[in-house]
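Asker: Have a look at this one before I ask anything.
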Amino acid sequence: MSLRTAHMGYIYQDLVTAVALVDVLLSDASSVTADVKQVDDDLFDDLTIIGAAGGRSRIQIKHTNQDRLLSQRTFTGDGRGLRIDRVITSILRDLKENGDSNYAILLRDGDPDDKLSTVLLPVVSSHFD
């Protein structure tokens, strides 16, 4: 089994983390934490950013080795660790233990399939304040 996809995912995570660290240098963020679970069954452990004004953002980054359509299966199965009930449980647990936060899942997938395109919109900005 090849680990190429896993390694590519880490490259994307490293790039997003590097951008967040630049925000620390520019005083737009006060801290950046990568790869640390902050609650039990934490699905947003890839990156936590504390803004200079105190806001908190949690980011999970997922990579795929192909530009496949983003499908409903992504959020109903366990294959990518994004089953919607687990995502929501993770968010609620984190909110209870750590207070108000923003949450983002960054995916390297193609456009959503027809079912998902009715409820998902592409993000125009990459800033998560």
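Asker: Given the criterion surrounded by 13 or more Cβ atoms within 10 Å (Cβ to Cβ) and in contact with a helix residue (DSSP H, G or I) (Cβ under 7 Å, 6 or more places away or on another chain), identify the matching residue among SER101, SER90.
Answerer: On inspection, the qualifying residue turns out to be SER101.
Asker: Next question. Before we move on, is SER30 among the small types (Gly, Ala, Ser), in contact with a Lys or Arg (Cβ under 6 Å, 6 or more places away or on another chain), open to solvent by less than 90 Å² (accessible area, probe 1.4 Å) and at pLDDT 95 or above?
Answerer: no
Asker: Sort out which residues of region 58-103 are under 13 Å from ASP45 (Cα atoms), modelled with pLDDT under 95 and out of contact with any Gly (no Cβ under 9 Å at 6 or more places or on another chain), and write them in order of number.
Answerer: GLY81, LEU82
Asker: So, ASP114, is that one within 14 Å of PHE44 (Cβ to Cβ) and either more than 17 Å from the chain's Cα centre (by Cα) or of a type in the set (Asp, Glu) (or both) or not?
Answerer: Considered against the rule, which asks whether it is within 14 Å of PHE44 (Cβ to Cβ) and either more than 17 Å from the chain's Cα centre (by Cα) or of a type in the set (Asp, Glu) (or both), ASP114 comes out as no.
Asker: Can you spot a residue in region 73-92 that is touching a residue at least 12 places away in the same chain (Cβ under 8 Å) and more than 16 Å from the chain's Cα centre (by Cα)?
Answerer: Looking through region 73-92, none of the residues is touching a residue at least 12 places away in the same chain (Cβ under 8 Å) and more than 16 Å from the chain's Cα centre (by Cα).
The values are calculated or read from the model by the stated rules, or taken from the named source; none is laboratory data. Predicted model, so just to flag it, every value in this text is computed and none were measured. Don't worry about glycine lacking a Cβ; one is built from the backbone with ideal geometry, like all the others, and counts go over all protein chains shown. Only protein heavy atoms, including side chains, enter the accessible area calculation; ligands, DNA and RNA are left aside. Shrake-Rupley method; radii C 1.70, N 1.55, O 1.52, S 1.80 Å.
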